[in-house]
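Here the structure comes first, spelled out in structure tokens, and everything after it is commentary.
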Amino acid sequence: MRVGITGTPGTGKSTVAEILARKLNLPLFNLSRLVREEGLYTSYDEEREAYEVEPEKLRKFFEGKEDFIAEGLVAHYIPVDYLVILRASPETVKERLKERPYSEEKINENAEAERFAVIATEALENPLFKKVIHIDTTNRSPEEVAKLIEEAIRKGEELFEEIDWLE
Ligand SMILES: Nc1ncnc2c1ncn2[C@@H]1O[C@H](COP(=O)(O)OP(=O)(O)O)[C@@H](O)[C@H]1O
Ligand SMILES: [Mg+2]
């Protein structure tokens, strides 16, 4: 089973992925670490303080791998059986990111990206997944989120919640 988990920073990708990897007994890859360690990037973006991923190299790394969970902002570049898109209200994103050494500007940028569904839209417009799970984590614990995902995957079902922070 190939599972990707994407979402705006603060939606809970890393937390949920760890629980899910244990439940499904799948090896877990954190994509920002993988991209850095395996050199799957074109350059370093000083302003964003992040590596610019090279999608082709990322795909090559996962080519032939049948069982994994890959979690990170760039997960939608990898062909998978399930792509999980985590969402959280912009206010929740801000709250959750406050614990990080991020500038206020960076926190607000992420909250606004979530408000306008930037990550979700990009993933849904360039689908490399067979099935999709799109869920709101705002009022759910990481355990509840992981359980919902696990149940859908075990049943082979999709789960798509309508989420629009602009309404
Ligand atoms: N469903 C949730 N409910 C409450 N807090 C959460 C939830 N998911 C994650 N968190 C908390 O939010 C913060 C960001 O979660 P993290 O998994 O690092 O997000 P991401 O990997 O998407 O950036 C962490 O402090 C984590 O404990
Ligand atoms: Mg993370």
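So for the range 105-118 (the condition being surrounded by 15 or more Cβ atoms within 10 Å (Cβ to Cβ) and within 22 Å of LEU20 (Cα to Cα)), does at least one residue qualify? The answer is no; no qualifying residue exists. Listed by first and then second residue, the pairs with beta-carbon distance under 7 Å, at least 6 apart or on different chains, first residue in the range 18-41 and at pLDDT 95 or above, second crowded, with 17+ Cβ neighbours inside 10 Å and among the basic types (Lys, Arg), form an empty list. Take the conditions touching a residue at least 60 places away in the same chain (Cβ under 8 Å), surrounded by fewer than 22 Cβ atoms within 10 Å (Cβ to Cβ), within 12 Å of ligand 1 (Cβ to nearest atom) and under 22 Å from ILE149 (Cα atoms) and apply them to THR8. Does it pass? Spelling it out, it is not the case that THR8 is touching a residue at least 60 places away in the same chain (Cβ under 8 Å), surrounded by fewer than 22 Cβ atoms within 10 Å (Cβ to Cβ), within 12 Å of ligand 1 (Cβ to nearest atom) and under 22 Å from ILE149 (Cα atoms). Elements of the type helices (runs of 4 or more DSSP H) sitting completely within the range 16-108 and holding at least 1 residues that are of a type outside the set (A, V, I, L, M) and within 15 Å of ligand 2 (Cβ to nearest atom): these cover 31-37, 90-97.
What pairs come out if I take residues in the range 91-115 that are more than 13 Å from ligand 1 (Cβ to nearest atom) and pair them with residues that are at pLDDT 95 or above whose C-beta lies under 6 Å away, six or more apart or interchain? Partner pairs satisfying both residue conditions: ARG115/PRO90; ARG115/TRP165. In this structure, is PHE68 within 16 Å of ligand 1 (Cβ to nearest atom), touching a strand residue (DSSP E or B) at 6+ places or on another chain (Cβ under 8 Å) and either over 25 Å from ARG100 (Cα atoms) or aromatic (Phe, Trp, Tyr) (or both)? Criteria not met by PHE68.
The rows are residues; the columns are (1) under 16 Å from the mean Cα position of the chain (by Cα); (2) among the small types (Gly, Ala, Ser); (3) surrounded by fewer than 18 Cβ atoms within 10 Å (Cβ to Cβ).
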{"position": "LEU124", "(1), (2), (3)": "yes, no, yes"}
{"position": "ILE133", "(1), (2), (3)": "yes, no, no"}
{"position": "SER141", "(1), (2), (3)": "no, yes, yes"}
{"position": "VAL145", "(1), (2), (3)": "yes, no, no"}
{"position": "LYS155", "(1), (2), (3)": "no, no, yes"}
{"position": "ASP164", "(1), (2), (3)": "no, no, yes"}
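The number of residues in the range 59-86 being basic (Lys, Arg) and either more than 23 Å from ARG22 (Cβ to Cβ) or buried (at least 24 other Cβ atoms within 10 Å of the Cβ) (or both) comes to 2.
The values are calculated or read from the model by the stated rules, or taken from the named source; none is laboratory data. Keep in mind the model is a prediction, meaning the values are calculated, not measured. All Cβ positions, glycine included, derive from the backbone under ideal geometry; neighbour counts span all protein chains shown.
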